[in-house]
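Student: My structure is below; once you've seen it, I'll send some questions.
The values are calculated or read from the model by the stated rules, or taken from the named source; none is laboratory data. Just so we're clear, the structure is a prediction, and the values are computed from it rather than from any experiment. Neighbour counts run over all protein chains shown; Cβ positions are idealised from the backbone, glycine included. To get the accessible areas, we keep the full protein, side chains included, count just its heavy atoms, and leave off ligands, DNA and RNA. Shrake-Rupley method; radii C 1.70, N 1.55, O 1.52, S 1.80 Å.
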Amino acid sequence: MTNFPAMLRALQDAGVEFIVIGGLAATAHGSARSTLDLDVVYSRSSENLERLVAALQPYHPYLRGAPPGLPFRWDAATLKRGLNFTLITDLGALDVLGEVAGGGSYEALSAFCVTLELFGTRCLCVELEKLIELKRAAGRPKDFEAIAELERLREIQEETL
Amino acid sequence: MMEIDMSPDPVIEVYKKDVDDTLLRENLKLTPEQRVRNLMALQEFIEEVQRAGRQARRQARAAAEHPAESVA
């Protein structure tokens, strides 16, 4: 099971600048669909790369799906050379994304966020309208049902206003 | 940043017909934290069902390989 509270706390406690997107953001907005991983967009500033490395180091991040023994160093240099990483950690699956289709970087996406109080932390989560845009921009057929549900959520919320 | 067409998509409109609004309305009564806790409870339940399934398959295999022992 993915330990969402512990993941969020680890990132928060290390001062990582991140935004929750994907399935957990959908859940937070009211989606009834399930998700198994945490997706976050992180700031690519040098300081934040160091914070992200320190936050996850104790949980042994490794490339998800990669064969065991593949050389992988979880450090700022690796983060700097790459952009988006799909990881497995002791706390569960975590995708750390430097950029996301339809949303761009952390800095661009931060204008479209709400603050969530979750498990004693305050974290940024992409707002519902932007989450729909991100899903649409991804253009994956597997997201059609999720987009339909998110749009219904938006419509129901508009009805009750 | 890329421009995203946010006008109604006919494909998505078809999918919307199958969305269970009652689940969404129930979820909207909860706080975000309660929604995430429900998700985790569901994950836990799924893992338990998967574990039980694996155990049942192991037992069925063992019974097929050693029928006499499984009767005893």
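Student: Which one of these is touching a residue at least 24 places away in the same chain (Cβ under 8 Å), within 13 Å of another protein chain (Cβ to nearest Cβ) and either outside any loop (DSSP other than H, G, I, E, B) or open to solvent by 70 Å² or more (accessible area, probe 1.4 Å) (or both): A:LEU87, A:LEU116, A:LEU94, A:LEU79?
Tutor: Exactly one of A:LEU87, A:LEU116, A:LEU94, A:LEU79 is touching a residue at least 24 places away in the same chain (Cβ under 8 Å), within 13 Å of another protein chain (Cβ to nearest Cβ) and either outside any loop (DSSP other than H, G, I, E, B) or open to solvent by 70 Å² or more (accessible area, probe 1.4 Å) (or both), namely A:LEU116.
Student: Suppose we keep only residues that are in contact with a Ser or Thr (Cβ under 9 Å, 6 or more places away or on another chain) and facing chain B (nearest Cβ under 7 Å) within segment A:134-161. Which one would you say is nearest to A:ASP39 (Cα to Cα)?
Tutor: Result: A:GLU149.
Student: Restricted to segment B:24-37, and to residues that are within 8 Å of chain A (Cβ to nearest Cβ) and in contact with an Asp or Glu (Cβ under 9 Å, 6 or more places away or on another chain), which residue is farthest from A:THR115 (Cα to Cα)?
Tutor: B:LEU24
Student: Continuing with this model, one more query. Considering B:GLU69, B:GLU13, B:GLU48, which residue is without any contact (Cβ under 8 Å) to a residue 60 or more places away in the chain, of a type in the set (Asp, Glu) and open to solvent by 100 Å² or more (accessible area, probe 1.4 Å)?
Tutor: Sole residue among the options that is without any contact (Cβ under 8 Å) to a residue 60 or more places away in the chain, of a type in the set (Asp, Glu) and open to solvent by 100 Å² or more (accessible area, probe 1.4 Å): B:GLU69.
Student: Please go through segment A:97-113 and give me each residue that is surrounded by fewer than 20 Cβ atoms within 10 Å (Cβ to Cβ), modelled with pLDDT of 95 or more and assigned to a strand (DSSP E or B), ordered by number.
Tutor: A:CYS113
Student: Taking segment A:69-99 as the search range and keeping residues that are among the basic types (Lys, Arg) and over 19 Å from the mean Cα position of the chain (by Cα), which one is nearest to A:THR2 (Cα to Cα)?
Tutor: Per the stated criteria, the residue is A:ARG73.
Student: Could you look through segment A:7-50, keep only residues that are facing chain B (nearest Cβ under 10 Å) and assigned to a helix (DSSP H, G or I), and pick out the one that is surrounded by the fewest Cβ atoms within 10 Å (Cβ to Cβ)?
Tutor: A:GLY23
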